[in-house]
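Asker: Let me give you the structure first, and then I'll get to my questions.
The values are calculated or read from the model by the stated rules, or taken from the named source; none is laboratory data. Bear in mind the structure is a predicted one, so any value in this text is a computation, not a measurement. Please note: Cβ atoms are built from the backbone with ideal geometry, for glycine as well, and neighbour counts cover all protein chains shown.
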Amino acid sequence: MRDVFGRRPVSAPGVPAVGVREVGFGYGGAFRLEGVTFEVDRGEIFGVVGPNSSGKTTLLRLLSKVHEPEHGEIRLEDTALRGLSRRALARRIGVVPQELVAAFPVTVEELCLMGRYPRARSRLFEASEDVARTREAMALAGVLDLASQPLDTLAGGERQRALLARALAQEPALLLLDEPTSHLDLRHQREIAGLLRSLNRERGMTVLFVSHDLNLAGEIADRLLLLVGGRVVKIGAPAEVLDGPTLEAAYGCPVWVEKSPLSGRPVVQIRWE
């Protein structure tokens, strides 16, 4: 298995990409993650689903060190997250947010070059290698032809691919995505989902994403984690997690789950009165 630019990884085989052990976190007592434990294998697409306020985005913030756990431990492969500097972390994790509000006007290429900052080794300006790596990332994400376009003129799917290209320019081993297809139409949802699957299957990228879209999650994930009220309810293959009784208990409404005739993956529908 190779990294996003086609090179072989140097980490030891068999070591999980992510290890989360009994992690807890609270916002001033108003909300907590409690006892969260799971592993993500290298080269896996791992989805986190659950109702509103279940802790999905909080979990991403812990994994990207925006917050520190109150107790428990998070490890990236064989390294404790707590001991990594932010620059060292940014060399290992690429984060694709739901939205980005640029502080000043930038083009797509300028945005993506920002992803090279963790690799800059104290350089004030990008070197030729940074430009080459950035253009590779833009080509992978399908935005190389948009290089000179201002970011704020892009359509939703183009903007999301640009954010993905910035993350790929960091040369991460792990990609974290927060609601990667929210606010996108069907065509752009398909493009983003296809791109993630391609990066994973062809380039060996480990992907962890959170999503409200159960059907998207069930279609592209190797495994899912269902988070409810800050606790892990179930982890397993999509067909094991997205079953009627489990989802009805988690979401508090009647649902209908059937198997897709095209992919064999679960398809979730609300049972309307």
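Asker: How many residues are closer than 17 Å to A221 by Cα and of a type in the set (D, E, K, R) when one looks only at the stretch 162-203?
Answerer: As a first pass, look at the stretch 162-203 and keep what is closer than 17 Å to A221 by Cα: 174-182, 189-203.
Still in the running and of a type in the set (D, E, K, R): 178-179, 190-191, 197, 201-203.
Residues that pass the stated criteria total 8.
Asker: Right, something else. Consider only pairs whose beta carbons are under 6 Å apart and that are at least six residues apart or on different chains; among these, list those whose first residue lies in the stretch 124-146 and is more than 29 Å from A193 (Cβ to Cβ) and whose second residue is of a type in the set (A, V, I, L, M).
Answerer: What qualifies is E126/L113.
Asker: On the given criteria, is V257 in contact with a Ser or Thr (Cβ under 7 Å, 6 or more places away or on another chain) and either modelled with pLDDT of 95 or more or in a helix (DSSP H, G or I) (or both)?
Answerer: For V257, the condition - in contact with a Ser or Thr (Cβ under 7 Å, 6 or more places away or on another chain) and either modelled with pLDDT of 95 or more or in a helix (DSSP H, G or I) (or both) - is not met.
Asker: Also, quick follow-up: Restricting attention to the stretch 25-38, and to residues there that are surrounded by fewer than 16 Cβ atoms within 10 Å (Cβ to Cβ) and in a strand (DSSP E or B), which single residue is modelled with the lowest pLDDT?
Answerer: G26
Asker: Working only within the stretch 37-56, note down all residues that are touching a residue at least 40 places away in the same chain (Cβ under 8 Å) and closer than 28 Å to R203 by Cβ.
Answerer: Answer for the stretch 37-56, where residues must be touching a residue at least 40 places away in the same chain (Cβ under 8 Å) and closer than 28 Å to R203 by Cβ: F38, V40, D41, R42, G43, E44, I45, F46, G47, V48, V49, K56.
Asker: Continuing with this model, one more query. For the stretch 164-233, which strands (runs of 3 or more DSSP E) that fit wholly inside it have 1 or more residues that are within 13 Å of the chain's Cα centre (by Cα), surrounded by 24 or more Cβ atoms within 10 Å (Cβ to Cβ) and aromatic (F, W, Y)?
Answerer: 206-210
Asker: Considering only residues of the stretch 52-66 that are in contact with a helix residue (DSSP H, G or I) (Cβ under 9 Å, 6 or more places away or on another chain) and crowded, with 16+ Cβ neighbours inside 10 Å, which is farthest from G26 (Cα to Cα)?
Answerer: Step by step, filter the stretch 52-66, then rank; the result is S64.
Asker: Moving to a separate point now. Taking the stretch 151-180 as the search range and keeping residues that are of a type outside the set (D, E, K, R) and more than 28 Å from R86 (Cβ to Cβ), which one is modelled with the highest pLDDT? If you could, list the steps in order and put the result at the bottom.
Answerer: If we filter the stretch 151-180 for residues that are of a type outside the set (D, E, K, R), which is where we start, we get 151, 153-157, 160, 162-165, 167-170, 172-177, 180.
After this cut, where a residue has to be more than 28 Å from R86 (Cβ to Cβ) as well, the list is 153, 155-157.
Values: T153: 91, A155: 86, G156: 83, G157: 84.
Filtering the stretch 151-180 for residues that are of a type outside the set (D, E, K, R) and more than 28 Å from R86 (Cβ to Cβ), the one modelled with the highest pLDDT comes out as T153.
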